[in-house]
Amino acid sequence: MTESTAAQRASKQADKDAIRPFQANFPETELTELRRPHHATKWPERETVTDATQGVQLATMQNSRAIGEREYDWHKCEARLNALPQFITEIDGLDIHFIHVRSKT
């Protein structure tokens with residue numbers, strides 16, 4: 001390996017390790033898709049127990065989906081997120097998103 005190649009690899013690794021600014025962006029095309037009627041969703045069968053021991057209950061998931069389709073203001077959420085200092089970095093090959101806010105105390 002030449003010095004040039006080693007320097008390029010080191011530079012690429014430094015780029016991956018860099019902490020980069022991040023802004024949330026909810027594209028309108030994806031929000032439109034999310035708002036499509038959930039009758040197109042393939043829901044699993046209803047759970048066989050009356051409590052949450054088998055995981056999140058079907059009715060809860062269906063209700064959450066309905067709220068996301070009709071009532072949730074995604075752009076308000078986007079604005080609230082973007083009011084915070086957000087960053088992204090790569091760790092073990094995965095992009096990790098985080099918010100960095102110092103404690104007041």
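The values are calculated or read from the model by the stated rules, or taken from the named source; none is laboratory data. Please read all numbers here as calculations on a predicted model, not as lab measurements. Cβ atoms come from the backbone with ideal geometry, glycine included; neighbour counts cover every protein chain shown.
With the checklist (1) in a helix (DSSP H, G or I); (2) touching a His at 6+ places or on another chain (Cβ under 6 Å) in hand, flag the one item Gln62 doesn't pass. So Gln62 meets the others, but not (2).
Out of all the residues in segment 33-47, which are over 16 Å from the mean Cα position of the chain (by Cα) and within 19 Å of Ala79 (Cβ to Cβ)?
Of everything in segment 33-47, just one residue is over 16 Å from the mean Cα position of the chain (by Cα) and within 19 Å of Ala79 (Cβ to Cβ), namely Arg35.
In segment 68-104, which residues are touching a residue at least 12 places away in the same chain (Cβ under 8 Å) and aliphatic (A, V, I, L, M)? Hits for segment 68-104 are Leu81, Leu84, Ile88, Ile99, Val101.
Look at (1) in a helix (DSSP H, G or I); (2) modelled with pLDDT under 90; (3) not aliphatic (A, V, I, L, M) and you find that Lys42 fails only one, number (1). Here is the figure for segment 53-99: residues that are at pLDDT below 95, loosely packed, with under 10 Cβ neighbours inside 10 Å and either of a type in the set (Gly, Ala, Ser) or on the phi > 0 side of the Ramachandran plot (or both) total 2.
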